[in-house]
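Here the structure is laid out as structure tokens; the discussion comes afterwards.
The values are calculated or read from the model by the stated rules, or taken from the named source; none is laboratory data. A quick note: this is a predicted structure, and the numbers were derived from the prediction, not measured. All Cβ positions, even for glycine, are placed from backbone atoms using ideal geometry, and neighbour counts span all protein chains on display.
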Amino acid sequence: MQKLFIPILVLVFRRRRWLLTAIFDSSFNLTGFANESFYGNVSRIRSLAIQPDGKIIAAGNAADNLFLNDFSIIRYNPSGSIDTSFGTGGRLYADVNGRPDVSPVVLLQADGKIIVVGNSQDNQNNLLSVLRFNANGTVDTSFGTNGVTTTRFQQTGSSAATPNDAIPQPDGKIVVAGG
């Protein structure tokens, strides 16, 4: 039977998988859904990607202990359990400039690397941020500066640096759309 995966956005990371008959797929985390939290504070999924091996990358943002959002990623096995071989215990966090970060886009490159696109802030500007991680959740230090590249946009408060979508090109370049 073909399975359909539907994410639910709530205050903590939560994913649900449904069978095409619209009932919970109990083979996914034994309950049909997974419910995880980052930092114990507000977390949101913004984007999903499914790797060729069926593992699920859920990216978004989570409020740290100072209630500033950081980029956050969690990887699930196809069964719905957390893939503890990824990042640190199945999770990874990224903070750009010590200011709020929001990640609405995650995508996979053909070589298995994970791209996270979002917006960050420095002291006065919105930044379009692109981060790249290796397939195991470690920072790809060959990309940008320590795995991060940013492009400055308008003053803080503007939505000019909010990406809506991104795609990897066959030559490795990343095209980002937003506004």
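Filtering Val117, Val139, Val148 for residues that are of a type in the set (A, V, I, L, M, F, W, C), in contact with a Phe, Trp or Tyr (Cβ under 8 Å, 6 or more places away or on another chain) and over 21 Å from Gly54 (Cα atoms) leaves a single hit, Val139.
Within segment 89-116, being of a type in the set (A, V, I, L, M) and within 15 Å of the chain's Cα centre (by Cα) holds for Leu92, Ala94, Val96, Val102, Val105, Val106, Leu107, Leu108, Ile114, Ile115, Val116. What is the residue count in segment 126-155 for residues that are surrounded by fewer than 18 Cβ atoms within 10 Å (Cβ to Cβ), outside any loop (DSSP other than H, G, I, E, B) and polar (S, T, N, Q)? So the answer is 5. So which residues in segment 89-141 are over 20 Å from Val175 (Cβ atoms) and of a type in the set (Gly, Ala, Ser), if there are any at all? Selection gives Gly89, Gly90, Ala94, Gly98, Ala135, Gly137.
A search for C-beta distances below 6 Å between a residue of segment 153-173 that is among the β-branched types (Val, Ile, Thr) and any residue that is at pLDDT 65 or above and exposed (fewer than 11 other Cβ atoms within 10 Å of the Cβ), counting only pairs 6+ apart in sequence or on different chains, returns Ile167/Val175.
When segment 97-122 is filtered for residues that are of a type in the set (A, V, I, L, M) and either buried (at least 17 other Cβ atoms within 10 Å of the Cβ) or free of Cβ contacts under 8 Å to residues at least 24 places away in the same chain (or both), the ones remaining, listed by number, are Val102, Val105, Val106, Leu107, Ile114, Ile115, Val116, Val117. The single residue among Gly89, Gly80 that is at pLDDT 80 or above and surrounded by fewer than 19 Cβ atoms within 10 Å (Cβ to Cβ) turns out to be Gly89.
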